[in-house]
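Shown next, in structure tokens, is the structure this report addresses.
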Amino acid sequence: MRKTRLALFAMLCTSALWAQQDVQFTQFANNKIFYNPGVIGSGDAICLSAAHRSQWVGFDNAPTTQNFNANIPLDIIGGGLSLNFTNDMIGFFQDVTAGVGYGYQMALADGTLGLGLRVDFRNKNVTSGVWAPPQTMNDPSLVSLGSNSMATDLNFGAFYQKENWYAGLSSTRLLETRDILTANGGASNAEIRGQRHYYLMGGYDIDLQNGFVLQPAMMVKTDFVTTQLDLNAAAMYNNQIWGGVTYRVYDALSIMAGYQITKDLRATYSYDLTTSSLRNSSSGSHEIMMSYCFTIEIPPKEKGSYRNPIFL
């Protein structure tokens, strides 16, 4: 996933391009709502999450990503609402995405099934960067620096969870909308077509007693051109200390750690040790995530009368 070469800018011309385009997070088990709108409205607390990922550290213009999302359960609408904001930089491309979603939660077979839909509004921009070889920048087939495009797309997901396990299936970029960027001179356009992505995830909590809970999880990511498998084994101690490892097949081995700072605030970190040929040029990838979950309690209305002493 995200194997796009950093030299893509130099090759972009007046034709359509296909590639896996979605953002990658090692801590997918801590950020399920990003991949699956069926999670929207689950749980009984409002959860705010922020994540930063620096990928392939050591490369010039390597990918960096910031993500913020909010999961807001609302019983009055049978589920909840979500907000999502993502800023993704790779090479000379910047994708800024703002999304709003709705999830419907229903009881099913001693568990809960969530069905969710999120609308994304995406802006793709070709930044000026610091690299502009004079011998090629006048080529009319190359995208103009500063060119940008707006597009709207949909994401759908189904997510089922019981007390100690969960499973979800989702798809992003359902409309496969196109980003149309202006080429040099404005005489032609470069088209980047959205590619539909599919995600299958699942996890299980195994109580080992004495405060330890083992939490294996997995996720399959595919656009039916490229498929990637993440296998995760993590453990929680006393609902406070968290750690584990993730293996992304043919790509990276990751170590993860986290701490429940307060009952509402949690911080987690992961480091990807690259196992592909990129390890010769990259010192790995870093990812940090903060989550804050809280409830708003409205006290019940008290019965009885109220007297203002001023009028007694």
Notebook entry, point to check: When you scan segment 66-81, how many residues do you find that are surrounded by 20 or more Cβ atoms within 10 Å (Cβ to Cβ), touching a Phe, Trp or Tyr at 6+ places or on another chain (Cβ under 8 Å) and within 19 Å of F25 (Cα to Cα)?
Noted result: 2
Margin query: Can you pull out every residue in segment 205-221 that is exposed (fewer than 14 other Cβ atoms within 10 Å of the Cβ) and on the phi < 0 side of the Ramachandran plot?
Written below: I206, D207, L208, F212
Notebook entry, point to check: What pairs come up if the first residue lies in segment 50-74 and is in contact (Cβ under 8 Å) with a residue 24 or more places away in the chain, the second is basic (K, R) and part of a loop (DSSP other than H, G, I, E, B), and their beta carbons are under 8 Å apart, counting only those six or more places apart or on different chains?
Noted result: Q55/R2; P63/R2
Next item on the list: Would you check if there is a residue in segment 14-21 being in a loop (DSSP other than H, G, I, E, B), touching a Gly at 6+ places or on another chain (Cβ under 9 Å), at pLDDT below 95 and under 20 Å from F156 (Cβ atoms)?
Entry: yes
Next item on the list: Find the residue count for segment 82-122, including only residues that are surrounded by 14 or more Cβ atoms within 10 Å (Cβ to Cβ) and not in a strand (DSSP E or B).
Entry: 2
Checklist line | Residue in segment 268-293 that is surrounded by the fewest Cβ atoms within 10 Å (Cβ to Cβ), counting only those that are without any contact (Cβ under 8 Å) to a residue 24 or more places away in the chain and in a strand (DSSP E or B) | finding: L273
Margin query: Among the residues of segment 156-171, are any surrounded by 20 or more Cβ atoms within 10 Å (Cβ to Cβ), in contact with a strand residue (DSSP E or B) (Cβ under 8 Å, 6 or more places away or on another chain) and in a loop (DSSP other than H, G, I, E, B)?
Written below: no
Next item on the list: Among residues belonging to segment 43-102 that are aromatic (F, W, Y) and farther than 16 Å from V119 by Cβ, point out the one that is modelled with the highest pLDDT.
Entry: F68
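The values are calculated or read from the model by the stated rules, or taken from the named source; none is laboratory data. All figures in this text were calculated on a predicted structure; none of them were measured in a lab. Positions of Cβ are backbone-derived with ideal geometry, glycine not excepted, and every protein chain shown enters the neighbour counts.
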